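Asker: Structure provided below as structure tokens; questions to follow.
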Amino acid sequence: MTKAYEGPLTTKYIGTPNDLFDQSDDFWVINWPRTFTHHHTYGLLTPFFKGLTEGKLMATKCTNPECTENSTWLPPRADCPDCYARTEWVQVPSEGKIYAYTMLDYAGIGIEMETPYWQIDVQIDGVDTIFKGWLKQGKPVTGMPVKAEFRTENPTHTILDICWVPK
Ligand SMILES: [Zn+2]
């Protein structure tokens, strides 16, 4: 067994001093930058994100003959919420119509987008759900035909690899 070092040490501070963000006589608030890398698995939903990088919109469909719904899901679901069977991957049209829209002034964490932008809900033939996205250019109108644009070069490997443009 290796014996732990027990001799004298000279220890240095190797950090970067934090600035004061705010201060009063009673309290201080410091700037304390933190960073981390989050390893996030897409698990069984990986084909959806892989499809975006290949210019394809991949949904999942329940094909269980005993299912009462046999819905097609986008965003995809690995298991059917109606019958709990494993779903199957299907490619769906990368075009649709605007079902609803709203202007986003504050993007969520991880949504690396300039604001404001138009968030749109897209109705796609053969899909039983409404797919949320963002309009890259133009002004949305309910019922307006749109087509998907995919970030196949320099993909982010996130949902930001798809956006919509007027058709
Ligand atoms: Zn089902």
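The values are calculated or read from the model by the stated rules, or taken from the named source; none is laboratory data. Quantities reported herein were computed from a predicted structural model and do not represent experimental measurements. Cβ placement follows ideal geometry from the backbone for every residue including glycine, while neighbour counts extend to all protein chains displayed.
Asker: If you take the residues in the range 27-61 that are among the charged types (D, E, K, R) and at pLDDT 90 or above, which one is farthest from the ligand (Cβ to nearest atom)?
Answerer: GLU54
Asker: Failed condition for PRO65, given (1) surrounded by fewer than 16 Cβ atoms within 10 Å (Cβ to Cβ); (2) more than 14 Å from the ligand (Cβ to nearest atom); (3) not charged (D, E, K, R), with all others met?
Answerer: For PRO65, the failing item is (2).
Asker: Kindly provide the set of residues from the range 76-102 that are in contact with a Lys or Arg (Cβ under 9 Å, 6 or more places away or on another chain), aliphatic (A, V, I, L, M) and not in a strand (DSSP E or B), ordered by number.
Answerer: Correct list: ALA78 only.
Asker: Any residue that is in contact with a Leu (Cβ under 8 Å, 6 or more places away or on another chain), over 16 Å from CYS163 (Cα atoms) and surrounded by 10 or more Cβ atoms within 10 Å (Cβ to Cβ) - is there at least one of those in the range 79-98?
Answerer: Yes, because at least one residue in the range 79-98 is in contact with a Leu (Cβ under 8 Å, 6 or more places away or on another chain), over 16 Å from CYS163 (Cα atoms) and surrounded by 10 or more Cβ atoms within 10 Å (Cβ to Cβ).
Asker: Also: When you check GLY51 against the structure, is it within 30 Å of ASP125 (Cβ to Cβ), within 17 Å of the chain's Cα centre (by Cα) and exposed (fewer than 10 other Cβ atoms within 10 Å of the Cβ), yes or no? It would help to see each step written out before you state the result.
Answerer: Working: within 30 Å of ASP125 (Cβ to Cβ): yes; within 17 Å of the chain's Cα centre (by Cα): yes; exposed (fewer than 10 other Cβ atoms within 10 Å of the Cβ): no.
Judged against the criteria, GLY51 is not a match.
Asker: Just to be sure I understand the filter: pairs with C-beta atoms under 7 Å, separated by 6 or more residues or on different chains, first member in the range 68-89 and near the ligand (Cβ under 8 Å from one of its atoms) and of a type in the set (A, V, I, L, M), second member modelled with pLDDT of 95 or more and not in a loop (DSSP other than H, G, I, E, B). Which pairs pass?
Answerer: ALA85/ASP79
Asker: Go through the residues of the range 62-72 one by one and say whether even a single one is of a type outside the set (Ser, Thr, Tyr), at pLDDT 95 or above, touching a strand residue (DSSP E or B) at 6+ places or on another chain (Cβ under 9 Å) and not in a loop (DSSP other than H, G, I, E, B).
Answerer: Looking through the range 62-72, none of the residues is of a type outside the set (Ser, Thr, Tyr), at pLDDT 95 or above, touching a strand residue (DSSP E or B) at 6+ places or on another chain (Cβ under 9 Å) and not in a loop (DSSP other than H, G, I, E, B).
Asker: Do you know which residues across the range 134-149 are under 12 Å from SER94 (Cβ atoms) and touching a Leu at 6+ places or on another chain (Cβ under 8 Å)?
Answerer: Matches in the range 134-149: VAL146, ALA148.
Asker: Assess whether ARG77 counts as being of a type outside the set (Gly, Ala, Ser) and more than 21 Å from the chain's Cα centre (by Cα).
Answerer: In short, no.
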